[in-house]
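**Student:** Below is the structure I would like to discuss, written out as structure tokens.
A short reminder: the numbers here are calculations on the coordinates, not readings from a lab. Fair warning: this is a prediction, and the values are worked out from it, not measured in the lab. Virtual Cβ from ideal backbone geometry, glycine too; neighbours counted across all protein chains shown.
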Ligand SMILES: [Zn+2]
């Protein structure tokens, strides 16, 4: 293989790496290639670890769109904050969590270090982004300052905001005009680098074409960086540090430039619960499937639900889960989905199936027992008919 062929092979490999996105457990990605037909993407265990996994954005033009949404990262009650949530929006295991608990009346200081949220100088938990860490730090400060009787309403409002599908849709509408030139330039750059440049080098040779190609490349990356900066400032005004790093990388690394639109869309809906994004983007059937899993997990969380020795911490977990469950059921009813109907037990797959797991729906030939996948959750027997 010639040096030029090697160069393009390396560029293609680097581009492939740029298409990989790390998604933490507790988050869900929603992706589309051509603009319709959105798909749910969970961090898999194939390319990942206990904390998350890689998913891949559509590599070919029109380069697709990727959104991410996360469940609430900690449990809140009028008493305090617990670095633990019993629910898991992804199939499979619950990510490791510190279960640190702080009563609001003990909180003297809430600070942020990179993506870490610290309470009284002690690590509480790590968020998916610096902006999220800052946002939750502000909310915790506000709750700590509020009088206890105000906290209940403030927490309900916070949970409600994460499920606000209208607000999610509005953010999406804001993204469209700002992301359009960035995506267009990304597509132009893709064709330029992977079609036009090899063609020109093949026709004229490397010596005659490299300077012109380099000038064209810089023109494209500079234009993309400018449009990106403008769009990012409008969409994520608080994320100045992230904007600086992204803009610089887009300017200097053409493989990142092609995926600049991902850096605009990925954090767009990160403050929303995945169910709100599912409602806004998935088909009716896919939304129902997704909602069923979320609701069953809320009603029958994997065992142990909360192993903290602190009674106030366990009460906070229960409070947070109950608040979220009632908000989720409200959203479903508003969407024309009856929660009880959605949570109907599955039909036995065959005559030998005697019981099922109320969380994951796995079926068993014994009339009682526990589901190992759900931490030992007790099975429910199928009702005998006839
Ligand atoms: Zn199960």
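**Student:** Roughly what would the spin-label model give for residue 47 and residue 366, points 7 Å off Cα along C-beta, in nm?
**Tutor:** So the two model labels end up 3.9 nm from each other.
**Student:** Next up: Sum -39500 (n - 2.57) across every DSSP H segment of at least 4 residues in the chain, then divide by the residue count to get the 222 nm mean residue ellipticity, nearest 500.
**Tutor:** After summing the helix terms and dividing by residue count, I get -16000 deg cm²/dmol.
**Student:** With r as the distance between the Cβ atoms of residue 103 and residue 373 and R0 = 51 Å, compute the FRET efficiency 1/(1 + (r/R0)^6) and round to 0.05.
**Tutor:** Result of the calculation: an efficiency of 0.90.
**Student:** Say each of residue 318 and residue 211 gets a label point 7 Å from the Cα, pointing the same way as Cα to Cβ; how far apart are those two points in nm?
**Tutor:** Label at residue 318, label at residue 211, 7.7 nm between them.
**Student:** Zone of residue 2 (label point 7 Å along Cα→Cβ, backbone N under 17 Å): which residues in the stretch 190-205?
**Tutor:** Once the point is set 7 Å along Cα→Cβ of residue 2, 194-205 turn out to lie under 17 Å by backbone N, inside the stretch 190-205.
**Student:** Going by C-beta contacts inside 10 Å, put 321, 354 in order with the fewest on the left.
**Tutor:** In order of increasing Cβ crowding within 10 Å: 354, 321.
**Student:** Could I ask something else about it? Note the full-extension length gain between residue 113 and residue 39 as 0.36 nm times their separation in residues minus their Cα-Cα distance, in nm to one decimal.
**Tutor:** 23.3 nm
**Student:** To continue, here is another question. Could you work out the pair-distance distribution P(r) of the chain from its alpha-carbon pairs, with 20 angstrom bin width and percents rounded to whole numbers?
**Tutor:** 25, 50, 22, 3, 0
**Student:** Related question: Fully extended, how many nm does the chain gain between residue 333 and residue 146 (0.36 nm per residue separation, minus their Cα-Cα distance)?
**Tutor:** Full-extension gain reported as 64.2 nm.
**Student:** Taking the square root of 5 times each eigenvalue of the Cα gyration tensor, what semi-axes in Å does the equivalent ellipsoid of the stretch 205-311 have, largest first?
**Tutor:** Here the semi-axes work out to 44, 18, 14 Å.
**Student:** Which FRET efficiency value, to the nearest 0.05, do you get for residue 238 and residue 184 by plugging their Cβ-Cβ distance into 1/(1 + (r/R0)^6) with R0 = 25 Å?
**Tutor:** It comes out at approximately 0.40.
**Student:** Now, a different point. For the residues 110, 305, what sequence is obtained by ranking on other C-beta atoms within 10 Å, fewest first?
**Tutor:** Result, fewest neighbours first: 305, 110.
**Student:** Give the share of C-alpha pairs in each 5 angstrom bin for the stretch 345-386, from 0 to the last occupied bin, in whole percents, shortest bins first.
**Tutor:** 6, 30, 35, 20, 7, 2, 1
**Student:** Still on this structure, please answer the following. If we count other beta carbons within 10 Å of each Cβ, what is the order of 151, 299, fewest first?
**Tutor:** So the residues, fewest neighbours to most, are 299, 151.
**Student:** Return the single residue from 308, 111, 335 with maximal mean-square fluctuation; model: Gaussian network over the chain, springs between Cα atoms under 10 Å.
**Tutor:** In the Gaussian network model the winner is 335.
**Student:** Taking only Cα atoms and a 10 Å spring cutoff, compute GNM fluctuations for the chain and point out the largest among 208, 332, 118.
**Tutor:** With Cα springs under 10 Å in the chain, the top fluctuation among 208, 332, 118 is at 208.
**Student:** Also, I was wondering about something else. Stretch residue 176-residue 138 to full length: gain in nm at 0.36 nm per residue minus the Cα-Cα span?
**Tutor:** Extra length available between residue 176 and residue 138 comes to 10.8 nm.
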